[in-house]
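Working notes, beginning with the structure itself.
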Amino acid sequence: MKKNTLLSIAIVICKFIRVLYVLIFLIFAGFFVHLQINPSYYNKIGLSNKLDFKNNSFVTSYKVSNGIHINTRRTYKYEGEQKDSDVFTLDQLKKTSLYFSFIKYSVVLFLGFLCFGEFQKVMESVKEVKTFQENNVLSFRRIGKYLLIICVLTSFYYHAFQRGGINGVNITPNLLILSLLAYIMAEVFKEGNNLEEENKLTV
Amino acid sequence: MAIIVNLDVMMAKRKISLSELAEKVGITLANLSILKTNKAKAIRFSTLEAICEALDCQPADILEYGKD
């Protein structure tokens, strides 16, 4: 009974997170549309306010709490002293960059949504005591694949503004580890499936 | 499959049906069917013993080794 309660909670959490993903996407899409309709509304919101610098172009290296070292490059299009807060505001984001970012993060959200969906399926099958079946192996493989794609998609960023740009690489090892774990779980479930089949065919 | 189950041959010799044998041996019809159709991956000694007793035969009468 305890096992079932735990699984039921896990399933509810999965469902909640999936709903949350949909809400985040809707908010994100609303923001995307509003930014195009009324860009001046975002002229005070900057993408870069962590570092202040005066060079026209330079490379800096800094550490992010959950990622590997990043090389972030910022470029200005013309000479002269400029502030980050003037160049990298959301209203000056180029259309191509905006669309690219929207598609990229939409795909990330969609894949995250699918990941939790697959995990929910596994939890439901375990609850029904149909743990070791081929579908679960496929689900874990899918989760591994989705996480790998998310890791690749989030590993780089490129924001082109009217007067400059920010680009860099941000590799998140957590996602890679999770992806690897999902693939390992797929192998474990595959082995379990084989054993169960063998057990079934033992007369 | 290297091990061939000749259960159907012995059943025909003893003129016994599958359901009858299943009842005598004490296993399900589905499991006996798996054994008869050579789909089984393993057989327990207890099952083999019960089949031999029910059919009045030796294990070699039921199981045979054949090269692929």
Requested in this report: Compare the Cα positions of A:T172, A:Y183, A:Y146 along the charge dipole of the range A:138-199 (+1 at Cβ of Lys, Arg; -1 at Cβ of Asp, Glu; about the Cα centre) and return the one farthest towards the positive end.
Outcome: A:T172
**Report entry** the range A:115-203: proportion of alpha-carbon pairs further apart than 14 angstrom, %
**Finding:** 70
Query - FRET efficiency, 1/(1 + (r/R0)^6) with R0 30 Å, evaluated for A:N194 and A:N174 via beta carbons - result: 0.45
**Report entry** Radius of gyration, Dmax [the range B:1-67; alpha carbons; angstrom]
**Finding:** 10.8, 33
Query raised in the report: From the cross-link list B:K13/B:K39; A:K145/B:K39; A:K104/A:K190; A:K130/B:K41; B:K15/B:K39; A:K130/B:K39, which pairs have alpha carbons spaced over 30 Å apart?
Result: A:K145/B:K39; A:K104/A:K190
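Taken together, the values in this text are just the output of simple stated rules run on the coordinates, not laboratory data. Because the structure is a prediction, the values reported are computed rather than measured. All Cβ positions, even for glycine, are placed from backbone atoms using ideal geometry, and neighbour counts span all protein chains on display.
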